[in-house]
């Protein structure tokens, strides 16, 4: 359909954990000879709970969607990008520490952070930037499917709206020299502080906050 700005939108209803569906996107890019100025990888999901409360299939799908699909989409789009293009990966403040009862989700976000940092270096000679957006708790449909029946996570700090996070990210990618985009001062402080204490201390602090012994 045509928008009032003259841009063309081509919707795809696909399962990004399905390799065949991902391949169909790659084929369409080649057929359309697309020029990509901004790629936003924002698909993902998480599950709250102890490892044995989360179906193994769900944990593996988290890896497929949060990591594998993100890498696939990034790397099939790069050939269609030129200097000035940008890749924005939806990451999380969870990337900075191991999180019991969010263990797979947190690990996938650590992957996204490190992948984005390294990919940005590799693309420097092409003039293409990569950013990892690391918000805190944000009111989205994420929580509709995350499940928290066992009360694994009970304390949620400051909430943000999706509009706040999107607006912040789009402003930052226009001028920021840093790969990591971290909304809010509190989250920035947290991301720095966890570098100076042991991971065991960080996990125990998290568990205490969530009322786990």
- Look at the stretch 142-179 and say how many of its residues are in contact with a helix residue (DSSP H, G or I) (Cβ under 6 Å, 6 or more places away or on another chain) and at pLDDT 80 or above. 1
- Which residues, taken from the stretch 183-204, are over 13 Å from residue 90 (Cβ atoms), in contact with a strand residue (DSSP E or B) (Cβ under 9 Å, 6 or more places away or on another chain) and not in a helix (DSSP H, G or I)? 184
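Tell me which residues, restricted to the stretch 82-93, are out of contact with any strand residue (DSSP E or B) (no Cβ under 6 Å at 6 or more places or on another chain) and surrounded by fewer than 21 Cβ atoms within 10 Å (Cβ to Cβ).
Answer for the stretch 82-93, where residues must be out of contact with any strand residue (DSSP E or B) (no Cβ under 6 Å at 6 or more places or on another chain) and surrounded by fewer than 21 Cβ atoms within 10 Å (Cβ to Cβ): 82, 83, 84, 85.
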- Task: Keeping to the stretch 145-177, report how many residues are touching a residue at least 12 places away in the same chain (Cβ under 8 Å), surrounded by 12 or more Cβ atoms within 10 Å (Cβ to Cβ) and farther than 21 Å from residue 100 by Cβ.
- Result: 9
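Listed here are the residues, each with its yes/no results for (1) closer than 27 Å to residue 83 by Cβ; (2) more than 13 Å from the chain's Cα centre (by Cα); (3) loosely packed, with under 11 Cβ neighbours inside 10 Å.
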| site | (1), (2), (3) |
| --- | --- |
| 112 | yes, no, no |
| 128 | yes, yes, no |
| 136 | no, no, no |
| 185 | no, yes, yes |
| 193 | no, yes, no |
- Query: Are any residues in the stretch 118-144 out of contact with any strand residue (DSSP E or B) (no Cβ under 9 Å at 6 or more places or on another chain), more than 18 Å from residue 102 (Cβ to Cβ) and part of a loop (DSSP other than H, G, I, E, B), and if so, which ones?
  - Reply: 127
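With the requirement that a residue be within 30 Å of residue 174 (Cβ to Cβ) and not in a helix (DSSP H, G or I), what does the stretch 39-77 give you? Please lay out each step first, then the result.
At the first step, the residues of the stretch 39-77 found to be within 30 Å of residue 174 (Cβ to Cβ) are 39-46, 65-77.
Once the filter is applied, which keeps residues that are within 30 Å of residue 174 (Cβ to Cβ) and not in a helix (DSSP H, G or I), the stretch 39-77 yields 39, 40, 41, 42, 43, 44, 45, 46.
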- residue 98 meets each of (1) outside any helix (DSSP H, G or I); (2) more than 29 Å from residue 196 (Cβ to Cβ); (3) touching a helix residue (DSSP H, G or I) at 6+ places or on another chain (Cβ under 8 Å) with one exception, condition (2)
- Query: Going through the stretch 21-38 one residue at a time, which ones are surrounded by 12 or more Cβ atoms within 10 Å (Cβ to Cβ) and either closer than 24 Å to residue 173 by Cβ or in contact with a helix residue (DSSP H, G or I) (Cβ under 7 Å, 6 or more places away or on another chain) (or both)?
  - Reply: 22, 25, 26, 29, 34, 36, 38
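Please work out if residue 66 is surrounded by fewer than 16 Cβ atoms within 10 Å (Cβ to Cβ) and within 30 Å of residue 210 (Cβ to Cβ). Spell out how you get there, then give the answer.
Numbers: surrounded by fewer than 16 Cβ atoms within 10 Å (Cβ to Cβ): no; within 30 Å of residue 210 (Cβ to Cβ): yes.
Answer is no for this residue.
The values are calculated or read from the model by the stated rules, or taken from the named source; none is laboratory data. This structure is a prediction, so every number in the text was calculated from the model and none was measured. All Cβ positions, even for glycine, are placed from backbone atoms using ideal geometry, and neighbour counts span all protein chains on display.
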